1. State the Cα centre-to-centre distance between the stretch 70-142 and the stretch 282-307 in whole Å.
2. Going by Cα centres, the stretch 5-42 and the stretch 310-361 are how many Å apart?
3. For the stretch 64-210, calculate the relative contact order in percent as a whole number, restricting contacts to Cα pairs under 8 Å that are 6 or more residues apart.
4. On a full-extension model of 0.36 nm per residue, what is the gain between residue 385 and residue 141, subtracting their alpha-carbon distance, rounded to one decimal in nm?
5. Project the alpha carbons of the stretch 285-406 onto their principal axes and report the range along each, largest first, in whole Å.
6. For each pair in 333/403; 120/282; 28/403, compute the distance between the two Cα atoms and list the pairs where it is over 21 Å.
7. Working out 0.36 nm times the residue gap between residue 10 and residue 120, then minus their Cα-Cα distance, what length gain in nm do you get to one decimal?
8. Measure nothing fancy, just the Cα-based angle from helix 47-59's long axis to the longest principal axis of the chain, in degrees from 0 to 90, nearest 10.
Amino acid sequence: MDQTVTRPGRAAESLRHVRDDFPILSEKVHGKDFVFLDSAASAQKPRQVIDCMAETMRTQYANIHRGLYWMSERTTEAYEAVRDQVAKFLGANAREEIVFTRNSTEAINLVAHSYGSLLKPGQAVVVSEMEHHANLVPWQMLRDRTGIELRVTPITDDGALDMDALGRTLSDGRVGLVAITHMSNVLGTITDGRAIADMAHAAGAKVLFDGSQLAVHRRVDMNELDADFYVVTGHKLYGPTGIGVLWARREILEAMPPFLGGGDMISTVSFERSTWAHVPHKFEAGTPAIIETIGLGAALAYIEAIGFDAISAHEDALTTYALEALGNVGGLKVIGTAPQRGGVISFTMADVHPHDIATLLDRNGIAVRAGHHCAEPLMRRLGVTATARASFGIYTTPEDIDKLAATLEQIRGFFV
């Protein structure tokens, strides 16, 4: 590794203190300090989230919404308070616009099943070449079920969304919905959400953003973005698995039919017919993920206390430093060089399979992801079968990047 790599600025050091909140980061892996560079897959959990969930189970747990006793009412209040938190976090206009799901994948499936049923024959859904399978497969299933058209708009060679091509894709006025990632989980590319929304609306289409990656790194505001649907997942936001969020405009949710049937989503039930609860409960059938939702509230409170100005500055500085450091590793190629990007870096190394890279890094205590990252069509577009991927969180330090780059140099030495 070139020793002249520019040391990162103060912003990259500004969140070092948060590492004390993440007990898992003090663990050893294969006798080495644990370096976690796989936050894009799932972030580690701060003590505040762990303690909140454990305390809830110890002192304040019962099923919600229907219990006529103190413990159920208190648990319902705690659960529904998170809906208010999420609405504020996303800049929503009303708490009724927040639908709890298991994760982003379920949220997109909800939209594809429910809003998709309102699309007319001859209409199309547009996705991009860099979508996660979660924002592709549900639309393929909708296409196969209803006969709508599924269009794929291209990316440029540097990994940015080709906005001119998107304009052409929308030009015939037959697109009903544009479903695009707000930040690629492979390339780190941040798409221009407001420009995409403006183009979609001008063409008469609604727009959905997969915010699973971006909402971790940047503040999002639904009014500024002018989206129609937005999805996030709790486990990437330093919260637990099993809880995600669909935000949608209230009038759109009210027009959509239910996704799942069962308890809690109904108003009345007879053997002849049922009527539905008001939004958002119309889309929340069955006992929800109570503990996980309350844990998501603790995670959002933790993020808000740090603030997105500090989070964004920290991750921008780290990403710049990492791109420079990895660029000096012999034989290493960074995949995706779009100018607007976040803390996700995919790379390949000449003559070394990504799985071997990940395995050898793991032996040195460094956790990265390797494979197709649930984006097989994007891999084919890029002309590769797999990449290795390092991704950053609020707890990542410049020393983590240094260890990654130095170990990659050692790995290169094994294969040269």
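1. Each part reduced to its Cα centre gives a spacing of 14 Å.
2. One Cα centre to the other: 16 Å.
3. About 19 percent, as a whole number.
4. Length difference between fully extended and current span is 85.4 nm.
5. The Cα atoms of the stretch 285-406 stretch 49, 35, 32 Å along the principal axes, largest first.
6. Going by Cα-Cα distance, 120/282 fall outside the 21 Å limit.
7. Answer, rounded to one decimal: 34.3 nm.
8. Orientation of helix 47-59: about 40 degrees from the principal axis.
Every number in this text was worked out from the coordinates using simple rules, so none of it is lab data. All values derive from a computational prediction rather than experimental measurement. Neighbour counts run over all protein chains shown; Cβ positions are idealised from the backbone, glycine included.
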